[in-house]
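The values are calculated or read from the model by the stated rules, or taken from the named source; none is laboratory data. These numbers were taken from a predicted model, which means no experiment stands behind them. Methodologically, a virtual Cβ is constructed for each residue, glycine included, from the backbone with ideal geometry; neighbour enumeration extends over all protein chains shown. What goes into the accessible areas is simple: the full protein's heavy atoms, side chains included, and nothing from ligands, DNA or RNA. Shrake-Rupley method; radii C 1.70, N 1.55, O 1.52, S 1.80 Å.
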Amino acid sequence: MIFSTKKVLVSIFATPIVVCIGYYLYCLSDSRYSFEEMDLNNNGYVSFLEAMYVSESFEVEVILEGKKCIEYVAFKDGHVLKQVCAL
């Protein structure tokens with residue numbers, strides 16, 4: 001079976017695009033954050049880089065003013081993305 005050059009080129013360029021869109025949707029589905037929290041620059045939409053940055057985070061338990069809190073911290077630079085404290 002012989003593949004045409006056009007089909008091969010389309011599949012070569014389409015595959016990374018489909019993978020990137022899938023990863024973007026995966027990052028957006030992170031239930032720890034709302035879309036408003038993922039929109040770091042407050043421009044009304046969550047870019048691919050914002051979604052990636054926020055989804056690559058971890059939780060740290062801390063005590064603030066006598067309250068047990070969970071901080072969500074970015075792996076990349078240690079920036080605190082969100083704090084949730086018990087009432």
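Listed here are the residues, each with its yes/no results for (1) surrounded by 11 or more Cβ atoms within 10 Å (Cβ to Cβ); (2) within 12 Å of the chain's Cα centre (by Cα); (3) at pLDDT 90 or above.
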residue: 27; (1), (2), (3): yes, yes, yes
residue: 32; (1), (2), (3): yes, yes, no
residue: 35; (1), (2), (3): yes, yes, no
residue: 40; (1), (2), (3): yes, yes, no
residue: 43; (1), (2), (3): no, no, yes
residue: 46; (1), (2), (3): yes, yes, yes
residue: 61; (1), (2), (3): no, no, yes
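Is there any pair with a first residue in the stretch 7-22 that is over 25 Å from residue 47 (Cβ atoms) and a second that is open to solvent by 100 Å² or more (accessible area, probe 1.4 Å) and not β-branched (Val, Ile, Thr) whose Cβ atoms are under 6 Å apart and which are 6 or more apart or on different chains, and what are they?
none
Step by step: first the residues of the stretch 1-25, then only those that are open to solvent by less than 80 Å² (accessible area, probe 1.4 Å) and among the aliphatic types (A, V, I, L, M), then the one that is farthest from residue 73 (Cα to Cα). Which residue is that?
Filtering first and then ranking leaves 8.
Quick one: count up the residues across the stretch 63-87 that are of a type in the set (A, V, I, L, M), open to solvent by 70 Å² or more (accessible area, probe 1.4 Å) and modelled with pLDDT of 90 or more.
Count: 1.
Go through the stretch 1-25 and give me each residue that's under 17 Å from residue 56 (Cβ atoms) and modelled with pLDDT under 85.
Those that are under 17 Å from residue 56 (Cβ atoms) and modelled with pLDDT under 85: none in the stretch 1-25.
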